[in-house]
Amino acid sequence: MTNPQTDIHHIVASMDTGIDDALALALLLAQPNVRLHGVSASYGNVLEQPAARNTRAVLSLLGRSDIPVFDGARHPSWAPYFIADAGCAQFHGSDGLGDVSTGDGDNADFTPTTPGETLASDANGLVTLTAPQIRNLTECGTAISVGGYQVGEKHADLPTMPELTIPSGSAHTPTPEKLEFPQESCSQATAGARMIVDAARAFGPDLTILVTGPLTDIDTALTLDPEAVRQARIVFMGGTLTQEGNCYDLVCETNMIQDPEAADRVLRSGADVTMVGLDVTHRCLLGSSDITPWNAAHTEASRFLTAIAEFSIRANAASEPIFAAGMPLHDPLAAAVALDATLVGTLDLPMCVETRSGDGTGVRGRTIGNPQGFIDASLCPTHVAVGVDRERFLARFTGDIANLLTSLR
């Protein structure tokens, strides 16, 4: 999306790179006045390691392997283990990129020999557990996130061969008391979170932090240097205020259910935050005819972006009748708003994320107005996108990517 102004957009991103993240990345790279200083790869659509691999593959394919990719969060703040929900493969493919990735292939699995006791990991920090081994860990009180739900909950949709990440520096099953941490300490901060802090210190209010996955990395960055990170503008894809959710309870949005605690802290942090949720992304559908111009370049990059978009278009059409017209452009819209805030109309109000579920305690992962805002006018509002200039966004999105692909010939 070409900005008519000559001002440089300084951006860092946190991405759980699946298909729509990859398309958002392509949109950023299509802008001559964007300086993408780094990407923090996070868990979410896939594990952190495949997310990093996918991000590097897309950057390389689009001629920008010079942009650094950092290891971000491998698990949410509330659990030391993460398993990608089985349903993610339905919309992103088994590798996160519609199974047409040009990356180096899958990471090797490692099966521990002593279930539920010592968990060894391979060089990538991955370990594969069987269902009985997972039950062992759960019975010991170990929290395991399955796409945001704890093992044992009815919505914890386990894949056939679940992969878990081991917290850095640990090779043993955590004891329950170690699980009660509100956020990662500075010594445990990821390279991705540190990159975000460094960029915030360098560019201050001229920096935009784009988040297309869970908000764990941003939460950690705010812990490391809240004064610096609060100067930046934060735009995240996630949440819903006026529409149904896309999780099992139809209230929550996926990025929010992954780490509600982190998301709640970010919304309450006092930073300049824009929420681009399902209220607007479900109005921006990409159909097969919209991507026809991408094929004109006849390059590996054009074939790749077309293929992953077609994968998602088919998957969404098979999932919901309302998406028969195309795939929702969740992450690309957030990237577009990071570049041009006028694409959306916002409702500005203090927001929070519910972190508990049950009678009288709300629905975990729900994004909702902060009731404290009714009595405390000093609370910083979140800019919640509730309207969108769909036609202008789609024209710029498809056109800018077509121009990028043509330039790579």
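The values are calculated or read from the model by the stated rules, or taken from the named source; none is laboratory data. Model, not experiment: these values are computed from the prediction. With ideal geometry, Cβ positions are generated from the backbone for all residues, glycine too; neighbour counts draw on all protein chains shown.
So which residues in the stretch 333-391 are of a type in the set (D, E, K, R), farther than 18 Å from Arg283 by Cα and surrounded by fewer than 23 Cβ atoms within 10 Å (Cβ to Cβ)? The answer is Asp348, Glu354, Arg356, Asp359, Arg364, Asp376.
Are any residues in the stretch 273-306 outside any helix (DSSP H, G or I) and either within 18 Å of the chain's Cα centre (by Cα) or crowded, with 18+ Cβ neighbours inside 10 Å (or both), and if so, which ones? I'd like the intermediate steps shown before the answer.
To start, the set of residues in the stretch 273-306 that are outside any helix (DSSP H, G or I) comprises 273-277, 282-287, 298-299.
Correct list: Val273, Thr274, Met275, Val276, Gly277, His282, Cys284, Leu285, Leu286.
Among the residues of the stretch 372-409, count how many are more than 25 Å from the chain's Cα centre (by Cα) and either of a type in the set (A, V, I, L, M, F, W, C) or within 23 Å of Ser65 (Cα to Cα) (or both). Write out each step before concluding.
So in the stretch 372-409, the residues more than 25 Å from the chain's Cα centre (by Cα) come out as 372-379, 403, 406-409.
Now drop any that are not either of a type in the set (A, V, I, L, M, F, W, C) or within 23 Å of Ser65 (Cα to Cα) (or both), which leaves 374-375, 377, 379, 403, 406-409.
So the answer is 9.
Results for (1) of a type in the set (A, V, I, L, M, F, W, C); (2) in contact (Cβ under 8 Å) with a residue 24 or more places away in the chain; (3) within 30 Å of Lys154 (Cα to Cα), shown as yes or no for each residue.
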| position | (1), (2), (3) |
| --- | --- |
| His9 | no, yes, no |
| Ala26 | yes, yes, no |
| Leu47 | yes, yes, yes |
| Leu61 | yes, yes, no |
| Asp85 | no, yes, yes |
| Cys88 | yes, yes, yes |
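Selection of the stretch 209-248 for residues being among the β-branched types (Val, Ile, Thr), under 30 Å from Asp85 (Cα atoms) and either buried (at least 24 other Cβ atoms within 10 Å of the Cβ) or modelled with pLDDT under 95 (or both) yields Ile209, Val211, Thr212, Thr216, Ile218, Thr220, Ile234, Val235, Thr240.
For (1) within 28 Å of Glu300 (Cα to Cα); (2) among the β-branched types (Val, Ile, Thr); (3) in contact (Cβ under 8 Å) with a residue 60 or more places away in the chain, each residue gets a yes or a no:
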| position | (1), (2), (3) |
| --- | --- |
| Ala334 | yes, no, yes |
| Thr342 | no, yes, no |
| Leu347 | no, no, yes |
| Glu354 | no, no, yes |
| Asp359 | no, no, no |
| Arg366 | no, no, yes |
| Ser378 | no, no, no |
| Asp400 | yes, no, yes |
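For the stretch 345-371, a residue qualifies if it is under 20 Å from the mean Cα position of the chain (by Cα) and either not in a strand (DSSP E or B) or not polar (S, T, N, Q) (or both), and the qualifying residues are Met351, Cys352, Val353, Glu354, Thr355, Arg364, Gly365, Arg366, Ile368.
Picking from Leu404, Leu379, Leu394, which residue would you name as being more than 30 Å from Gln150 (Cα to Cα) and modelled with pLDDT under 95? Full working, then the answer.
On the way: Leu404 fails: modelled with pLDDT under 95; Leu394 fails: modelled with pLDDT under 95.
Leu379 is the lone residue from the list that is more than 30 Å from Gln150 (Cα to Cα) and modelled with pLDDT under 95.
Consider the stretch 249-272 and keep the residues that are among the polar types (S, T, N, Q) and crowded, with 21+ Cβ neighbours inside 10 Å. The one that is farthest from Leu408 (Cα to Cα) is Gln258.
Taking Arg53 as the residue in question, decide whether it is part of a strand (DSSP E or B) and either buried (at least 24 other Cβ atoms within 10 Å of the Cβ) or modelled with pLDDT of 95 or more (or both).
Values: part of a strand (DSSP E or B): no; either buried (at least 24 other Cβ atoms within 10 Å of the Cβ) or modelled with pLDDT of 95 or more (or both): yes.
For Arg53, the condition - part of a strand (DSSP E or B) and either buried (at least 24 other Cβ atoms within 10 Å of the Cβ) or modelled with pLDDT of 95 or more (or both) - is not met.
Under the condition of being acidic (Asp, Glu) and touching a helix residue (DSSP H, G or I) at 6+ places or on another chain (Cβ under 6 Å), the residues counted in the stretch 194-228 number 3.
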